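Each value in this text was obtained by applying a stated rule to the coordinates, not by laboratory testing. A quick note: this is a predicted structure, and the numbers were derived from the prediction, not measured. Every residue, glycine as well, gets a Cβ built from its backbone with ideal geometry; the counts of neighbours run over all protein chains shown.
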Amino acid sequence: MEKKNIDWGNLGFSYIQTDKRYVSNYKDGAWDEGTLTSDATVQISECAGVLQYAQTVFEGLKAYTTEDGHIVTFRPDLNAARLESSAKRLEIPVFPQDRFIESVEQVVRANAGYVPPFGSGATLYIRPYMFGSNAVIGVKPADEYQYRVFCTPVGPYFKGGAKPITIRVCDYDRAAPHGTGNIKAGLNYAMSLYAIMDAHRAGFDENMYLDAATRKNVEETGGANFLFVTKDGKVVTPKSNSILPSITRRSLVYVAKEYLGLEVEERVIPFEEVKDFAECGLCGTAAVISPVGKIVDHGNEICFPSGMEDMGPITRKLYETLTGIQMGKIEAPKGWIHVIE
Ligand SMILES: *Cc1c(COP(=O)(O)O)cnc(C)c1O
């Protein structure tokens, strides 16, 4: 398909309407066959479950062009599985995992002109989501749902190199123990908006959330998991039931062990220990890893030895290895690269 006339290198991270999206509706206990549509709007009851009680979950993944010219996605099976567990937690009927993959493929193929070329740094961001669509006034799950997948081209996350960011320890909580922190639901983001704007107003890039029960242990930021590197080169990442199981983080842990031969610990990380780490990064689909240079805890600064100019050396190795695998420069573990065309 002919590429759209887009200045790929200067795209930001904002919504651009593309040609087609996928829609399937759930009614009378079953999902319909689903279809691609040009209609970028959603028409639902003013009393829809999603509007009244936030019954909605989502996923985020990207399609991109590899060096040898294929359009691929990265581990979409894990997005399918995670959407299933998110849906179950909010009493939303599961959209079958094989149909999830198929719908993503359909949307990418129908919008192939929007998939950025190799080397541009840009990607096609794909957003599958589902929501309660019929009227619900008493508090209960909806009876009808819509599953949709749209995509939008987004620019390179790091323009002009990955500059380390400064984050603060946040006084607000992100997720309760045994709550919904481990699912990808809009409700987890709604309640983080005040905290992130408050952080920005105070001059910080992001919030570090601590565990809500004790406020002693590191959890995650609003939209990315933490990876730390110890001074003796071990990779350490928080273990908690209230963080979102990032596919990027799980992939980086595998890369650290199997490709780089590093020791990896997934465990509770007391905030007290953070000052002793050598490197810190945030992992998620958008950036893969964003380096953190400084963490501020109510005026006390933790400055990582990696500094404010560049990624730490091990963070960089992890970043380069995983992006090399994604782009087809380094051989991928079986099943990680899903070729669409
Ligand atoms: C989506 C998300 C992440 C990152 O997950 P990836 O699968 O790596 O993109 C991390 N934390 C939260 C809260 C998220 O919603």
Cα-projected label distance for MET191 with GLU2, points at 7 Å along beta-carbon direction, nm | 5.0
For the range 66-144, which semi-axes, largest first and in whole Å, follow from the square roots of 5 times the eigenvalues of its Cα gyration tensor?
-> 32, 13, 10
First measure r as the distance between the Cβ atoms of ASP98 and ARG215, then evaluate 1/(1 + (r/R0)^6) with R0 = 56 Å and state the FRET efficiency to the nearest 0.05.
-> 0.85
Residues in the range 99-119, backbone N under 20 Å from the label point at ASP68 (7 Å along the Cα-to-beta-carbon vector): list them, ranges by number please.
-> 116-119
Using all Cα-Cα distances in the range 217-294, what percent lands in each 5 angstrom bin from 0 up to the longest?
-> 3, 17, 29, 30, 17, 4, 0
With the dipole of the chain worked out from charges on the C-beta (+1 for Lys and Arg, -1 for Asp and Glu) around the Cα centre, which of ALA142, THR35, PHE228 lies farthest toward the positive end?
-> PHE228
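Could you tell me the relative contact order of the range 205-341? Use alpha-carbon pairs under 8 Å, at least six residues apart, and round to a whole percent. Don't jump to the answer; show the numbers that get you there.
On the way: 226 pairs, mean separation 28.2, N = 137.
Relative contact order of the range 205-341: 21 percent.
Using R₀ = 41 Å, calculate the FRET efficiency as 1/(1 + (r/R₀)^6) where r is the Cβ-Cβ separation of LYS257 and VAL139; round to 0.05. Don't jump to the answer; show the numbers that get you there.
On the way: r = 45 Å, r/R0 = 1.10.
Once the sixth-power term is evaluated, E becomes 0.35.
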If you look at just the Cα atoms of the range 248-341, how large are its Rg and its Dmax in Å?
-> 15.0, 51
Rg/Rg_ref, the range 37-82, where Rg_ref = 2.2 N^0.38 Å and atoms are Cα | 1.73
Here, LYS239 and HIS200, labelled 7 Å along Cα→Cβ, have an inter-label distance in nm of 3.6
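GLU320 to ALA176: extension gain in nm, 0.36 nm per residue of separation minus the Cα-Cα distance? Write down the numbers at each step before the final one.
On the way: separation 144, 0.36 × 144 = 51.84 nm, distance 3.44 nm.
Computed gain between GLU320 and ALA176 is 48.4 nm.
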Note on the range 171-255: the mean projected area of its alpha-carbon convex hull, in nm², is 6.2
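Using alpha carbons only, what's the Rg to Rh ratio of the chain with Rh from Kirkwood? Spell out each step's value before the answer.
Details: Rg = 20.2 Å, Rh = 21.0 Å.
A ratio of 0.96.
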Applied in sequence order to the range 231-237, the curve 6.51 cos²θ - 1.76 cosθ + 1.60 (Karplus, θ = phi - 60°) yields integer Hz couplings, x standing for Gly and Pro, of 5, 9, x, 8, 8, 10, 9
In debye to the nearest 20, the charge dipole size for the chain, taken about the Cα centre with +1 at each Lys and Arg Cβ and -1 at each Asp and Glu Cβ, equals 140
Percent relative contact order for the chain, counting Cα pairs under 8 Å at least six residues apart, stands at 19
Residue with peak Gaussian network fluctuation, the chain [Cα springs, cutoff 10 Å], from ASN241, ASN134, ASN300 | ASN300
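State, as an integer percentage, the relative contact order of the range 58-171 based on alpha-carbon contacts under 8 Å between residues 6 or more apart. Please list the in-between numbers first.
On the way: 164 pairs, mean separation 31.3, N = 114.
Relative contact order of the range 58-171: 27 percent.
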More than 25 angstrom apart: percent of Cα pairs within the range 8-154 = 30
So how far apart, in nm, are the two label points at ASP232 and LYS275 if each is 7 Å from Cα heading toward Cβ?
-> 2.1
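What is the extension gain from GLU265 to SER38, computed as 0.36 nm multiplied by their sequence separation minus the C-alpha to C-alpha distance, in nm to one decimal?
Numbers: separation 227, 0.36 × 227 = 81.72 nm, distance 4.67 nm.
Here the answer is 77.0 nm.
As a quick test, which of the pairs LYS184/LYS257; LYS184/LYS334; LYS88/LYS140; LYS163/LYS257 have an alpha carbon distance above 24 angstrom in this structure? Let's see the in-between values first.
Values: LYS184/LYS257 27 Å; LYS184/LYS334 26 Å; LYS88/LYS140 14 Å; LYS163/LYS257 26 Å.
Distance filter (> 24 Å) returns LYS184/LYS257; LYS184/LYS334; LYS163/LYS257.
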Projected area of the range 165-326, taken from the Cα convex hull and averaged over every viewing direction, in nm²?
-> 8.8
